[in-house]
Amino acid sequence: MPEKANQGDFLTIVSPLGRSPFRHWLTGRSFRVLMEQIKGPMLYVPTIRLPLKNLLISSGGLGYEVDAENLALQIAKVSGADVTILHVIPPTDLDYPTTRDVREHVRDLQDTDTILGRSLRKGLDIAKATGLKAKLVTRQGHIVEEILADVKQGNYDMVCMGSRYSGHTLRQLYTPNVTAEVAESVNCPVLTVRHMH
């Protein structure tokens with residue numbers, strides 16, 4: 001599958017491959033392996049949720065997720081879905097001025113003049129300029145847990161996430177693969193764009 005998917009500009013769509021829970025436990029889910037090997041966007045569909053009415057874009061807020069965000073907005077535009085842009089502020093022990101600004105403005109982060117605030121504001125403005133009904137939600141805590149909590153609370157028909165750098169950084173060696181963790185835990189389609197074209 002990766003060999004064919006990497007030969008062109010494809011959106012690869014996969015569903016659970018029907019392997020036993022024991023095999024999942026022993027070798028991990030196939031989705032993780034495919035996500036690491038396929039360079040283009042992937043749509044993982046554990047269950048079909050049509051029509052798309054409510055779409056979540058998980059944003060890191062630094063602009064690295066722009067490819068996933070753009071593709072998600074195109075899908076939302078075609079389907080007429082409402083869009084929620086979610087940013088999770090992870091716990092930190094650092095006490096830099098920027099970190100303090102972010103912690104003090106969890107509820108109105110998009111109104112701040114921080115890099116994060118400007119990036120989130122830009123994403124929201126692009127969604128609204130496209131004619132979509134869009135809102136921004138910020139949460140604070142463990143990234144995977146907070147995304148899963150928002151997915152459960154928001155009853156989304158699709159989750160969109162991914163960073164163009166996440167598949168190529170050292171960070172992937174010592175932190176969880178957020179996209180894979182979310183995709184394996186939610187009961188709705190997950191669109192991921194992780195690689196640069």
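State yes or no: is Arg32 in a helix (DSSP H, G or I), among the basic types (Lys, Arg) and either at pLDDT 65 or above or under 26 Å from Glu69 (Cβ atoms) (or both)?
Values: in a helix (DSSP H, G or I): yes; among the basic types (Lys, Arg): yes; either at pLDDT 65 or above or under 26 Å from Glu69 (Cβ atoms) (or both): yes.
The answer is yes for Arg32.
A residue that is touching a Cys at 6+ places or on another chain (Cβ under 9 Å), in a loop (DSSP other than H, G, I, E, B), closer than 19 Å to Val144 by Cβ and modelled with pLDDT of 85 or more occurs nowhere in region 58-76.
Within region 164-197, the only residue that satisfies the criterion of being loosely packed, with under 12 Cβ neighbours inside 10 Å and modelled with pLDDT of 75 or more is Asn187. The residue pairs whose first member lies in region 113-128 and is more than 15 Å from Gly60 (Cβ to Cβ), whose second member is assigned to a helix (DSSP H, G or I), and whose beta carbons are closer than 6 Å, counting only pairs six or more residues apart or on different chains, are Ala127/Leu73.
The values are calculated or read from the model by the stated rules, or taken from the named source; none is laboratory data. What you see is a predicted model, and the numbers here were worked out from it, not measured in a lab. Please note: Cβ atoms are built from the backbone with ideal geometry, for glycine as well, and neighbour counts cover all protein chains shown.
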